[in-house]
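Asks: Take this structure first; my questions come after.
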Amino acid sequence: MIQALPSRLMWAFSAAFCLLLLACGSRNEEAPPLIIQGTRYESTSVVPARFEKVEGTALFEVSPQLASFLAAAEKPPAGSRGFFILLNPRNPIEGILVRAGTAVDFDLLYKQTSRMVTVTGNVQLVAIPQLADFVQDRFGISLARDEKSLLLWIDNETPLEMQAPEPPAQPQTQGAP
């Protein structure tokens, strides 16, 4: 009986060790990327890898100022002339940078008025900390950042419907009596 106790104990330890290995082995798998889909834009504490069909208010009026600021940066992101800010509809002092797309007419982009848009794209990082201060000071908007305080931006894949600006109304002249 005394010899049976160590063998049972050894068997129990072996079984516990095998279960521990199985449990630890499943933790080595990579977590799937976080994708936020089909909602309105809101700032989150966890940085998503992608936004899909996310609505927000596009603040196009800031695009020329963003383009000027990014042009002066040491390492501006590609397509830096085509950025706008997507505002959180529930808290319009929160926003995230969005690159309008690669085939966008910048002059037409700069003439757009603020409106609701839907964007889809991967989340990128930009290492220009002064940009967040510029946007906060100039427009009063807090831009989305990651845990290291790098700015986030969405590389939009969805074509934006650009609206041609309406020509100014011509004054009507009255005919002579």
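Asks: Just for the stretch 39-140, what percent of DSSP beta bridges are antiparallel, to the closest 5?
Replies: On the way: 16 of 17 bridges.
Antiparallel bridges make up about 95 percent of those DSSP assigns within the stretch 39-140.
Asks: Each residue of the stretch 125-140 in turn: what ³J(HN,Hα) in whole Hz from Karplus with 6.51, -1.76, 1.60 and θ = phi - 60°, glycine and Pro shown as x?
Replies: Here the 3J(HN,Hα) series is 10, 10, 9, 10, x, 5, 5, 4, 5, 4, 5, 5, 5, 7, 10, x Hz.
Asks: Among the lysines, which have Cα under 30 Å from the Cα of LYS111 when same-chain residues fewer than 8 positions away are ignored?
Replies: LYS53, LYS75
Asks: Let me ask another. How would THR113, THR118 line up by accessible area, probe 1.4 Å, largest first? Walk me through the numbers before you get to the answer.
Replies: Details: THR113 80, THR118 55 Å².
Reading off the accessible areas and sorting them downward yields THR113, THR118.
Asks: Suppose R0 equals 41 Å. What FRET efficiency, 1/(1 + (r/R0)^6) with r the Cβ-Cβ distance, do GLN136 and ALA78 give to the nearest 0.05? Could you put the intermediate results ahead of the total?
Replies: Working: r = 24 Å, r/R0 = 0.59.
Calculated value: 0.95.
The values are calculated or read from the model by the stated rules, or taken from the named source; none is laboratory data. Bear in mind the structure is a predicted one, so any value in this text is a computation, not a measurement. Backbone-built Cβ (ideal geometry, glycine too); neighbour counts: all protein chains shown. Heavy atoms of the whole protein, side chains included, go into the accessibility calculation; ligands, DNA and RNA do not. Shrake-Rupley method; radii C 1.70, N 1.55, O 1.52, S 1.80 Å.
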